[in-house]
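Structure, as C-alpha cells:
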There are 4 protein chains.
Amino acid sequence: MNSIGDIFRLTTFGESHGPAIGGIIDGYPAGIEIDISRVERELQRRRCGDGNSSDGVTERREPDHVEWLSGIYEGKTLGTPIAFLTYNKDCRPEDYEALRDKCRPGHADYTYQEKYRHRDPRGGGRSSGRETVARVVAGALAKQLLEAQGITVTASTHNRYTRCIVEGLPAGVGEPVFNRMNARLAYAMLSIPSAMSFTMGETPDDWRLSREEFPDEWVLHGEKNHLTKTNHCGGVQGGISNGMPVVFHVGFHPPVTHPDGMCCRDNEGNIHNIATNGRHDIDHSPRLSVIVEAMTAITLIDLIYLWKKNR
Amino acid sequence: MNSIGDIFRLTTFGESHGPAIGGIIDGYPAGIEIDISRVERELQRRRCGDGNSSDGVTERREPDHVEWLSGIYEGKTLGTPIAFLTYNKDCRPEDYEALRDKCRPGHADYTYQEKYRHRDPRGGGRSSGRETVARVVAGALAKQLLEAQGITVTASTHNRYTRCIVEGLPAGVGEPVFNRMNARLAYAMLSIPSAMSFTMGETPDDWRLSREEFPDEWVLHGEKNHLTKTNHCGGVQGGISNGMPVVFHVGFHPPVTHPDGMCCRDNEGNIHNIATNGRHDIDHSPRLSVIVEAMTAITLIDLIYLWKKNR
Amino acid sequence: MNSIGDIFRLTTFGESHGPAIGGIIDGYPAGIEIDISRVERELQRRRCGDGNSSDGVTERREPDHVEWLSGIYEGKTLGTPIAFLTYNKDCRPEDYEALRDKCRPGHADYTYQEKYRHRDPRGGGRSSGRETVARVVAGALAKQLLEAQGITVTASTHNRYTRCIVEGLPAGVGEPVFNRMNARLAYAMLSIPSAMSFTMGETPDDWRLSREEFPDEWVLHGEKNHLTKTNHCGGVQGGISNGMPVVFHVGFHPPVTHPDGMCCRDNEGNIHNIATNGRHDIDHSPRLSVIVEAMTAITLIDLIYLWKKNR
Amino acid sequence: MNSIGDIFRLTTFGESHGPAIGGIIDGYPAGIEIDISRVERELQRRRCGDGNSSDGVTERREPDHVEWLSGIYEGKTLGTPIAFLTYNKDCRPEDYEALRDKCRPGHADYTYQEKYRHRDPRGGGRSSGRETVARVVAGALAKQLLEAQGITVTASTHNRYTRCIVEGLPAGVGEPVFNRMNARLAYAMLSIPSAMSFTMGETPDDWRLSREEFPDEWVLHGEKNHLTKTNHCGGVQGGISNGMPVVFHVGFHPPVTHPDGMCCRDNEGNIHNIATNGRHDIDHSPRLSVIVEAMTAITLIDLIYLWKKNR
C-alpha cells in the first residue's frame, strides 16, 4: 500500500509524468503555524543536493510548486488531513516512446509489468524517484514538530552512503518486539528508491565487535546523551531509544540509467539496444540526505505519538 | 505493538520467566493439515542450532512443548485464529534477584525501565530472545504454505552474518512505495533481537558496484530464475520480486552477557559490578538461521496474500 | 483517521470552503477502464437526488468537476493510487463571518472547537456534508468492480430512512468475530454525516421477531438467492454472507440548519441569535441513497478482496 | 480478522468446544494494579446475567477460570501484551455428533461451511457466544482504565434491547470522518453475536424528530453534562464527543436454537429434522449488558488514546 505510519500517516500518489505528485498527511496536530519556506528549502535540497554544485543531478527542471489543498486555515493547521500536490509540468513523454514495451535493466519496469500488466512507461511511472517529492514535503512538516521538541535529524551522504544522526530524542520511544524503532527505521529507509542496506550503530561495523567490546559501558550518573561511554548500539536497545543519539547508515545502489543506452527486454524476451533520451541522475548522492532525513522524521513522529498515548 | 503482518498476522506474548510464551496466528487458510513434527523440528533447530554441536548455546533446558489452543480441528486448520503457547518451566528467577533494580550494559533493561517504569527483571522479561519461540512456531506454519507453492526459504549463519535465500517466488510479489518487499524484509529482520544490519543483494557489497556494473543484464528469452545474468539487486526491483532468487544478509551483534560479570546501573545512576548467574548464550549464531527463515516466511506469506487479492 | 478499508482503502481530505475536496483510492486493481461518465452521473445524483425534483437540496452550485491526478494511464488504471480532487469554486466565505467564533446547535462546531482549538468555521469545514463528494467518487469506482462480478447495490430513501439491498453477493464474504460484514457495514453507515441508526434485516423490525419466527427456514435444495424462505437475518450470519440478498436500513437525523436563524454559543458560553446566510439543505433525503450505496460498495470490495486472498 | 482497536487492541481466539478461549490485549499501560476480582465479577455477570434469576441462560457450567499468561508481574501490568485464557472444561462434543454435516437454521453453520469448507460443528465453533468471554475480560480491564479517569459505562437490557450510557467522557474524543465515535461504537456493537441494530440518541426515536425539534439547544454558560437542554444527538456531534453523556441502543435477535429440534440442511441441500441436545440460552438478554459495556469500554479507551497522542 502507499501509506506509512500508524497514527501519523503519510499516503502518497503520483506517476513521474502523470498529472501530479502529492500526498495526504493524516494525524498532524492542530494549531501549528506551518513554515512554508522551510518546505521549499527542503525541496530545493532534494532538487539540487546540499553542496555547492549539483553536478550529476538530473537536468529536469522541476518547479515543485506545492499547492496546499486542505488542513490549513489562516496559516495554521486544523488537525484535519493536510493534502498537497505539485503538478508535473516539465514532462516530455516523447522521450520515452521507444521504451513503451521495453523493460530497462536495473529498473522496476519488468516487475511493474509482471505485477500490473498495464504500466506507465514514462520516466518509470510510479517507481520514479520523483515520488520522493511527497516524502520530502511530509518530512519537512514532521521535522518542524520534532524541532519544537528539541529533536534534530541530520544526514550526510558520501559515496552513496548516508550517516544519519538523531539528537535530542528522549529515552523510552519505540515499541518492543515488532514495532522496534530500529525495525521501523529500517523499513522506512529500505522504502527509499535504490536503498539496499541499513545498519544501526556509530559506525557501520560496530556490530562486528566482540562480546567484550560491544556492550556500551555506563557513565557514572550519566544523563541523556552521556548515558554510555560509547554508542555501539546506535542509541536503541530492545527497539527502544535510550536517550543517546540514534545513529544509523543507509547504502544506495548507483543510478541505473546509462547515458550511452541500455539493453532492454520486450515482453517476448527479446533484447533491444535503446538510446537513452529521458533525463536522469548521473549521481543521486546529493539528493539522498534530505530524503533520509524526511523518512526518519516521519517515522519518529509516529513512534513519539504512540509513546505519548498513555502518558 | 506486538503484531506483524496485514492479512497474515502474528501477535505474540510472553516474558522470559513469566507463565508462558505464545502467540496468535490470524489469517491462516482453512483445511490445511498442520505438520506438527515440523514445528517441533524447527523449535529444535532454534534450541540447538543446525550444526552437530550446540557449543555456546545457553544451557537452559527449554522443553518447548507447544500446546495448540484453537484454530485446529481433527488435525486441519479451521481458518480461525491459531493460538499456541509453551509454558515456561525451567525458570530460576532467583538467578536474577541481584539484578532487580539494576540495568545491565548492552541489554534492554534501561530502556524498558525508562519506558514502562515497571519491569520484569528476570531474564530480560519481554526483551528476551525466548520470545522468538513464537516466531519460530509461526514461521514453521508459514513455511508449510510457501512450500506448497514451491517456494523455499534457506538461511545459514557464519560469524553472526546470515545469508538468506528465497527460491521459487514468482515475479510480481511486493507492493510499490512503502510496502516494498525489501522494506518489509528489513523491518522483519531488524525486529529480531540483536539484529543490526540488513543488506539486499547476492553479496553484501553488490550495492557498491559502479553504475556500469550494477544493473543486472537480461538473459535472452530468460525465464524465472534465469531472467538476468547476475542478481546484484537480490531479486527485488522497485520493491517487487522479479522471479530471480530473493537474497539478503543480516548482521547480528554478539551476545552481551559476559560470564565474568557486568557493570550494571541502578536507577540513581550508580554502577555496580554484578556476577552473572542466569544462563545465556555464549554464541547465538547457531540459533539465528531458523529465526531469520521464520521471519522471512511470515513476511512473504503476507505479501503473497496481498498480491493475490485481486487475481 | 481519515481512511477506510484494509486492502481497498479510501483516504479523503478537504474542508467545505477550503481549496479542494478529494481523496486517494489505494488498492484498486490494474487494467480497468474507468467509466468517468458513471462517476459524473453518481455525483449528479449526490447533487440533486434521484427524483425529478431537487426540492430542498442546497442551492450551492457545485460544479464538482473531478480532476484525476494519478493512477490512470491511457484510460486504464495502473494499480497505483488513484488520486482525485474537485476544487471548491462557488465559495462565499463571507456568509460565515458572523459564525467565526460561534458554535451552531446540532452541528459539529463545538466538538471541533474542543478537539482542535483551531477551526475552519466556513460551512462546517471538514465536518460538512461536502466531504461526501470523495466518497461518491470512490463508490462509483467500487461499484464498477462489483458489477463486473454481478453484484449490485441499490438504496432508496423515504423520510430520512434508507433501504439498501445488495444482490449477487456470493456466500462466504465477511470475516468472523470483529470484521463481520454487518459490523463493517454499520461502521461505514454511521460514518456518514447525520446517520443515527443501522439495522440489519429485511424490515427494520425483523430482529424483534420471536425465537420461533426469527430463524430463516431452509429451502429444499435451495441455491443462492433462494437459500431460505425468509431473510430475517438480512443475508448475513455470523458476520458472513450466506448468498441471500444483504439488506439493511439506515436512519438519518434531519438537516440542522434552520433558515430563520439559530441560537449559537460563543467560547465563553454566551448565546447569540444568528441569522442564517450560508446555503444548506432543507431536506437531504434525496442525496442520501447515493452516499449509502457508495459506502456499501467501498466496504464490500474490501471484504471481497480479503476473502479472495487465499483462494 | 480477529482484532479490534488501533492502539489499544484486543485479539481473541478459541472455538466453543476447542481446548481454550482467550485473547491478547496489546497497548495496556504499564504499572496498573489489575483488579482480578473485578474481572471475575464481570464474568459472573456474563454467565448469569445481572438479575436475581438466571432463568433462560444456558445450563452449561462454565467455570471460566482465567489464567493470566503474560504482561503482569508482581500484580502490576508491564506494558507488554496481556495474554489470558480459560480452558474449555465442561465440553460434551457428543451432543453435536448428529450435527456434524448439518447446518442449523439461524446459525452461522452454513456461512462458515461455505467460507472455510472445514468447520468445527461442536457448539457453533468459533461463532459461538462463548467467544465473548475474551471480550468481557478485556472489557473489565478497559473499564478499570476508564474509571480511573472518572468515566463510567452502564448498560441495561429489556426485551433484547440494551440502553447503554457513558458518563464523564470529556469533549473532543473521537475522530472526524471515518473514525467517528458513533461509527466505532456501531462497529463494536454489531460485532457482538446476534446484534442487529444500533441507534444513537437519548431514545431510539430521537433521530425521527423534525428539524425544528432535533438540534439540542445550548444551556447558557453550560459545562460538561449540562451543555445542552436535551441530548437528542446522544452526546456525539461530527463523530466527536461533546461532553454530554454518550447514549445509544442496541437491538439483538432472539436465541435461535429451538429446544424441540430444528430443520437442518446438509451439504447436498437436503433437509433433516434434528433433535437439540446441546445446551443453549432460552433468553440471552441477561448476558447482553455486560458484553455491551465491555465492547463500549474497549472502543472508548482506544479513541481516548488516539485523542491523547498529541496533547
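The values are calculated or read from the model by the stated rules, or taken from the named source; none is laboratory data. None of the values given here were measured: they were computed from a predicted structure. Glycine gets a Cβ as well: all are built from the backbone with ideal geometry, and neighbour counts include every protein chain shown. Protein only, heavy atoms only, side chains kept; ligands, DNA and RNA dropped before computing areas. Shrake-Rupley method; radii C 1.70, N 1.55, O 1.52, S 1.80 Å.
A compact table of results
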quantity: For region C:209-217, Karplus couplings with θ = phi - 60° (6.51, -1.76, 1.60), whole Hz, Gly/Pro x; calculated: 4, 6, 5, 6, 8, 5, x, 6, 7
quantity: Within a Gaussian network of chain B (alpha carbon springs, distance under 10 Å), most fluctuating of B:Val247, B:Val219, B:Val136; calculated: B:Val219
quantity: Accessible surface of C:Trp218 - all protein chains present, 1.4 Å probe, nearest 10 Å²; calculated: 10
quantity: For A:Glu175, residues with placed amide H under 5 Å, excluding near neighbours; calculated: A:Arg180, A:Met181
quantity: Peptide C:264-275, shielding by other chains (average Cβ, 10 Å cutoff); calculated: 2
quantity: Relative contact order [Cα under 8 Å, 6+ residues apart], region B:205-267, whole percent; calculated: 22
quantity: Convex hull of Cα atoms in region A:103-164, direction-averaged projection (nm²); calculated: 6.1
quantity: Closest approach to the A/C rotation axis among chain A Cβ atoms, residue and whole-Å value; calculated: A:Thr11, 3
quantity: Region D:67-154: relative contact order as a whole-number percent, Cα under 8 Å and 6+ apart; calculated: 17
quantity: Ordering of C:123-129, D:112-118 by burial proxy (mean other Cβ atoms within 10 Å per residue, highest first); calculated: C:123-129, D:112-118
quantity: For chain B, built as a Gaussian network whose Cα springs stay under 10 Å, the top-fluctuating residue of B:Asn270, B:Asn179, B:Asn242; calculated: B:Asn270
quantity: Position B:Ile36, label points 7 Å along Cα→Cβ, spacing to each other copy in nm (shortest first, one decimal); calculated: 3.0, 6.1, 6.7
quantity: Globularity ratio of region A:123-239, using Cα Rg and 2.2 N^0.38 Å; calculated: 1.21
quantity: Exercise: per-residue mean of other protein chain Cβ atoms within 10 Å, D:204-214; calculated: 5
quantity: Centre separation in Å (Cα based) which lies between region D:183-220 and region D:1-26; calculated: 28
quantity: Built amide H within the under 5 Å cut-off of A:Ser3, gap 5+; calculated: B:Phe178
quantity: For D:297-309, mean number of other protein chain Cβ atoms within 10 Å; calculated: 3
quantity: Candidate aspartates and glutamates for bridging to B:Lys309, where Cα separation is under 17 Å - those fewer than 8 sequence places away on the same chain excluded; calculated: A:Glu114, B:Asp6, B:Asp26, B:Glu175, C:Asp6, C:Asp26, C:Glu175, C:Asp302
quantity: Projected-area mean, region A:253-308, by convex hull of Cα positions, square nanometres; calculated: 6.5
quantity: Shape metrics for chain C, restricted to C-alpha atoms - Rg then Dmax, Å; calculated: 20.7, 68
quantity: Cα convex hull volume per residue for the protein assembly as shown (Å³); calculated: 157
quantity: Heavy atoms of C:Cys103: accessible area, 1.4 Å probe, square angstrom to 10; calculated: 0
quantity: Pairs from C:Lys76/D:Lys308; A:Lys143/C:Lys76; A:Lys76/A:Lys308 whose Cα-Cα separation, in the structure shown, is over 32 Å; calculated: C:Lys76/D:Lys308; A:Lys143/C:Lys76
quantity: Alpha carbon centroid spacing (whole Å) that separates region A:240-269 from region A:60-132; calculated: 18
quantity: Cα→Cβ-extended label distance, 7 Å offset, between A:Leu220 and D:Glu97, nm; calculated: 7.8
quantity: Neighbour net charge for D:Leu220 - beta-carbon separation under 12 angstrom, K R +1, D E -1; calculated: -2
quantity: Inter-site label distance for C:Asp266 and D:Cys263 at 7 Å from Cα along Cβ, in nm; calculated: 7.0
quantity: Lysines with Cα under 16 Å of C:Lys102, excluding same-chain neighbours fewer than 8 positions away; calculated: C:Lys115
quantity: Amide H partners (placed H, <5 Å) of B:Gln237, local residues excluded; calculated: B:Asn242
quantity: Chain B: calculated mean residue ellipticity at 222 nm from DSSP helix runs of at least 4, using -39500 (n - 2.57); calculated: -7500 deg cm²/dmol
quantity: Chain D: relative contact order as a whole-number percent, Cα under 8 Å and 6+ apart; calculated: 25
quantity: Using θ = phi - 60° and Karplus 6.51 cos²θ - 1.76 cosθ + 1.60, couplings along region A:171-184 (whole Hz; Gly, Pro as x); calculated: 6, x, 8, x, 10, x, 6, 9, 9, 4, 4, 5, 5, 5
quantity: Debye-sum result for region A:173-311 in log10 I(q)/I(0), which assumes one identical scatterer on each alpha carbon, at q = 0.10, 0.12, 0.15 Å⁻¹; calculated: -0.49, -0.64, -0.84
quantity: Other-copy label distances relative to D:Ala98, 7 angstrom Cα-Cβ extension, nm; calculated: 6.8, 7.4, 8.0
quantity: For the pair C and A, total buried accessible area rounded to nearest 100 Å², probe 1.4 Å; calculated: 3400
quantity: Chain D: most fluctuating residue of D:Leu141, D:Leu209, D:Leu99 per GNM, C-alpha cutoff 10 Å; calculated: D:Leu209
